[in-house]
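Chemist: The structure's right below; bear with me while I get my questions together.
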Amino acid sequence: VPDAASLIQQLRALVDDAGFLTDPGRTAPMLRDHRAQYRGHALAVVAPADTAAVSRVLAFCNEHRIGVVPQGGNTGYCGGATPDASSSQLLLSLERLDRVRAIDSANYTITAEAGCILAKLQSAAADADLYLPLSLGAEGSCMLGGNLSTNAGGLNVIRYGMARELVLGLEVVLPDGRVLDVLTGLRKDNTGYDIKSLFLGAEGTLGVITAACLKLYPALRSRATAFVAVRDPAAAVALLTALRGASGDCVSSFELIPRVAVELTSQHIPGVVDPLSAPSAWYVLCEISSSRPDEPLDALLEKTLAAAFDGGLVSDAAVAIDERQRELFWRLRESIPESQRKEGANIKHDISVPVSQVPRFIDVAGRWVEQHIPQGVLCAYGHLGDGNLHFNVNQRAGFTAAQLQAIEPKAKRAIHDFVKEFGGSFSAEHGIGQLKVFELERYANPLELELMQRVKHAFDPNGIMNPGKVLRRP
Ligand code: FAD
Ligand code: 2HG
Ligand code: ZN
């Protein structure tokens, strides 16, 4: 059996010089997760330059039973891209696979490699007068391969779906090093099982995504954005229904924001101010958009808001008058996670229930938080249009992080049990990683879990792909 030093030497020979990372200044941040909840040690850190090099590395790891942890932008919330502490796993960064391979304007597609930063892909599409709708707060650093492997959601799901729904084709390196090339741009292709879809949301446990072909849309030419004080979450849902109806289903974002998030972002994030003059317990940030130029969307939004005001759903609203103001509204929303981090510790629950059930869920689960977590403040916000709330609890002033963290297991159990009662999901968009492996075992449909284990075994019989993530090691 080769020793670690010999394995490292052989791995080094499989990549070019720039692909073998040893500088601790570079590798240290790659060996902990974004929230610094997990720290790992790796046998080696490699960043192959192309698909062929990824293939060589995986074939070698499969032969020697070396666990492989793929990593993109390392912005994931569940520790999925962090190796364990054994120093026996390989960290495989996709960051150098960063080429846009093609844009086919008539086919409305972009083909790009896994290490492309999402914002770069959005810009590439815009340069071709097209639109890539995948958008999330981490878009300046998360990468396409990570987005697809977590089946990321984000801010435009209500109109365009999750990352999965944008994928037409994939290039994937299988654990044994073979390259599965199904990188087509076909919108119609009913030729047997949809194998590629299994890699979407698999969090690197079945293979390594090296490239993808994504759907694009016509560029947006009209847009209206409002920051709205709503009476309560039920009023927010009623406003959503009204806006969907009035706009011909042009709602592209519909985000719920509680007062505490406005306070935290105004306090911690430079440039963020409360857009409205009087405080309100709840707000909505909504956007309607169209690819038709000069559509009077502002007028339509104002008319809908005025009717909601008359109906007692809305107490005040600001419709963005220009791009600067629109950007400020979005900065407030997108910097909520950062402002929470600056405030102190927080417990995250990334949950979803049917949109119609969100108000009752906030009521029931919110009451539980109030009664059982005196050391925490509920900060429930997120993608109301998708029924997805970040039902987070922040550290309350006067209490320590440890005091909040002590209640985390009990809180998680109670909140996730409520989610189950409501027919919801305990992981709406952030995935499982290593954080929620036991939650998956507890709440998944047992037959579905068995099928997942069988799929894992079929794709990765030696168990080298991201061991211990999503599913427990056998
Ligand atoms: P990483 O963190 O590097 O990896 C995530 C998982 O994918 C890991 O399991 C990793 O092993 C695997 N992986 C990475 N690349 C590959 C590959 N090429 N092949 C196979 N497996 C791979 N998420 C949302 O869904 N919606 C949001 O609105 C949202 N907002 C966020 C806002 C902020 C400020 C932050 C910090 C995060 C947010 N996230 C959100 C979470 C995160 O950004 C997403 O999950 C993102 O898609 C992860 O991409 P990444 O490149 O950083 O992946
Ligand atoms: C968002 O929607 C992200 O801003 C982060 O998904 C959520 O930090 C969180 O809980
Ligand atoms: Zn989110």
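The values are calculated or read from the model by the stated rules, or taken from the named source; none is laboratory data. Just so we're clear, the structure is a prediction, and the values are computed from it rather than from any experiment. A quick note on method: Cβ atoms are made from the backbone with ideal geometry, for glycine too, and the neighbour counts reach across all protein chains shown. In case anyone asks, the SASA skips ligands and DNA or RNA and just uses the protein heavy atoms, side chains included. Shrake-Rupley method; radii C 1.70, N 1.55, O 1.52, S 1.80 Å.
Chemist: Determine the shape class of segment 1-51: with a ≥ b ≥ c the square roots of the Cα gyration tensor eigenvalues, call it rounded for a/c under 1.5, and otherwise prolate if a/b is greater than b/c, oblate otherwise.
Modeler: Oblate, because a/c is 1.5 or more while a/b does not exceed b/c.
Chemist: Label 7 Å along Cα→Cβ of residue 372; segment 407-447 residues with amide nitrogen under 15 Å?
Modeler: Residues 407-422 fall inside that zone.
Chemist: Another question, then. What angle, in degrees between 0 and 90 and rounded to the nearest 10, separates the Cα long axis of helix 446-459 from the longest principal axis of the Cα atoms of the chain?
Modeler: It works out to around 40 degrees.
Chemist: Another question about this same structure. Quick one: which residues, 5+ away or cross-chain, put their amide H under 5 Å from the amide H of residue 210? H built at 1.01 Å from N.
Modeler: 171, 172, 173
Chemist: If you plug each phi of segment 364-374 into the Karplus form 6.51 cos²θ - 1.76 cosθ + 1.60 with θ = phi - 60°, what whole-Hz ³J(HN,Hα) values come out, in order, with x for Gly and Pro?
Modeler: Per-residue couplings from phi come out as 5, 6, x, 5, 4, 4, 4, 6, 10, 10, x Hz.
Chemist: Relative to the longest principal axis of the chain, what angle (0 to 90°, nearest 10) does the C-alpha long axis of helix 118-127 take?
Modeler: Taking Cα atoms only, the helix is inclined about 70 degrees.
Chemist: With r as the distance between the Cβ atoms of residue 194 and residue 342 and R0 = 51 Å, compute the FRET efficiency 1/(1 + (r/R0)^6) and round to 0.05. Let's see the in-between values first.
Modeler: Values: r = 42 Å, r/R0 = 0.83.
Once rounded, the FRET efficiency stands at 0.75.
Chemist: Still on this structure: Let me check against my output: what whole-number percent is the relative contact order of the chain, with C-alpha pairs under 8 Å and at least 6 apart?
Modeler: Relative contact order comes out at 15 percent.
Chemist: Return the sequence-ordered ³J(HN,Hα) values of segment 417-426 in whole Hz as given by the Karplus equation 6.51 cos²θ - 1.76 cosθ + 1.60 applied to θ = phi - 60°, using x for Gly and Pro.
Modeler: In residue order, the calculated couplings are 5, 4, 4, 4, 4, 8, x, x, 10, 7 Hz.
Chemist: At 10 °C and a viscosity of 1.306 mPa s, what translational diffusion coefficient does Stokes-Einstein give for segment 398-438, taking Rh as the Kirkwood radius over Cα pairs? Give it in µm²/s as a whole number.
Modeler: Answer, rounded: 136 µm²/s.
Chemist: Quick one: accessible area per residue over the chain, 1.4 Å probe, rounded to a whole number of Å²?
Modeler: On the way: 20190 Å² over 474 residues.
Roughly 43 Å² per residue, with all protein chains present.
Chemist: Tally the DSSP beta bridges in the chain and give the antiparallel ones as a percent, rounded to 5.
Modeler: Working: 61 of 70 bridges.
Once the DSSP bridges in the chain are tallied, antiparallel ones form about 85 percent.
Chemist: What do you get for the angle between helix 51-63 and the principal long axis of the chain? Use alpha-carbon atoms, 0 to 90 degrees, nearest ten.
Modeler: 60 degrees
Chemist: Report, ordered by chain and residue number, the lysines lying within cross-link reach of residue 436, taken as a straight Cα distance under 23 Å and ignoring same-chain residues fewer than 8 apart.
Modeler: 348, 410, 412, 420, 456, 469
Chemist: As an exercise, identify the GluC sites (Glu not before Pro) in segment 374-455 lying in DSSP coil whose Cβ has no more than 11 other Cβ atoms within 10 Å.
Modeler: none
Chemist: Non-local amide H neighbours of residue 135 (under 5 Å, H modeled in plane, Pro and chain starts lacking H): which ones?
Modeler: Long-range HN contacts for residue 135: 155, 156.
Chemist: Taking segment 393-468, which trypsin sites (Lys or Arg not before Pro) meet the DSSP loop condition and have no more than 13 other C-beta atoms within 10 Å? Can you show the working numbers first?
Modeler: Values: sites: 396, 410, 412, 413, 420, 436, 442, 454, 456; in loops: 396, 436.
Of the trypsin sites (Lys or Arg not before Pro), not one in the loops of segment 393-468 has a Cβ with at most 13 other Cβ atoms within 10 Å.
Chemist: Averaging the inverse of every distinct alpha carbon separation and then flipping it gives the Kirkwood radius. What is it for segment 266-328, in angstrom units?
Modeler: Taking every pair of different Cα atoms in segment 266-328, averaging 1/r and inverting gives 13.6 Å.
Chemist: State the dimensionless ratio Rg/Rh of segment 68-124 (Rg: radius of gyration of Cα atoms; Rh: Kirkwood radius).
Modeler: Ratio of gyration radius to Kirkwood radius for segment 68-124: 1.12.
Chemist: Here's a follow-up. Across segment 400-406, in residue order, what do the Karplus-derived ³J(HN,Hα) couplings come to in whole Hz, using 6.51 cos²θ - 1.76 cosθ + 1.60 with θ = phi - 60° and x for Gly and Pro?
Modeler: Residue by residue, segment 400-406 yields 8, 4, 4, 5, 5, 4, 4 Hz.
Chemist: Calculate, in nm to one decimal, what residue 64 and residue 107 gain on full extension: separation in residues at 0.36 nm each, minus their alpha carbon distance. Please report the intermediate quantities before stating the final value.
Modeler: Details: separation 43, 0.36 × 43 = 15.48 nm, distance 4.25 nm.
Going from the current span to full extension adds 11.2 nm.
Chemist: Express in % the proportion of alpha carbon pairs of segment 63-172 at distances exceeding 22 Å.
Modeler: Roughly 33 percent, once rounded to a whole number.
Chemist: Counting only protein heavy atoms and using a 1.4 Å probe, what share of the accessible area of the chain belongs to carbon plus sulfur, as a whole percent?
Modeler: In the chain, the share of accessible area belonging to carbon and sulfur is 52 percent.
Chemist: Report the dimensions of the chain along its three principal axes from the alpha-carbon atoms, largest first, rounded to Å.
Modeler: Extents along the principal axes, in whole Å: 75, 56, 44.
Chemist: With an 8 Å cut-off on Cα pairs and a minimum separation of 6 or more residues, tell me the relative contact order of segment 9-138 in percent.
Modeler: Relative contact order here is 22 percent.
Chemist: Mind listing the long-range amide H neighbours of residue 20? Cut-off is under 5 Å, sequence gap 5 or more, other chains count too, H placed in the peptide plane at 1.01 Å from N.
Modeler: Those lying under 5 Å, H to H, from residue 20 are 47.
Chemist: Another question about this same structure. Is the shape of segment 1-115 rounded, prolate or oblate, going by the alpha carbon gyration tensor and its root eigenvalues a ≥ b ≥ c, with a/c under 1.5 for rounded and a/b larger than b/c for prolate?
Modeler: Cα axes put segment 1-115 in the oblate bin.
Chemist: Still on this structure, please answer the following. Compute the relative contact order of segment 305-450 as a whole-number percentage, counting only Cα pairs closer than 8 Å that sit 6 or more residues apart in sequence. Could the numbers behind the result be given before it?
Modeler: Details: 156 pairs, mean separation 36.9, N = 146.
Over segment 305-450, the number comes to 25 percent.
Chemist: Name the chymotrypsin sites (Phe, Trp or Tyr not before Pro) in segment 170-256 that are in a loop by DSSP and that have at most 13 other C-beta atoms within 10 Å, would you?
Modeler: Passing both the DSSP loop test and the Cβ count: 193.
Chemist: Report, in deg cm²/dmol and to the nearest 500, the calculated mean residue ellipticity at 222 nm for the chain, where each DSSP H run with n ≥ 4 adds -39500 (n - 2.57) and the sum is divided by the residue count. Numbers along the way, then the final one.
Modeler: Numbers: 16 runs with 162 residues, N = 474.
Rounded to the nearest 500, the figure is -10000 deg cm²/dmol.
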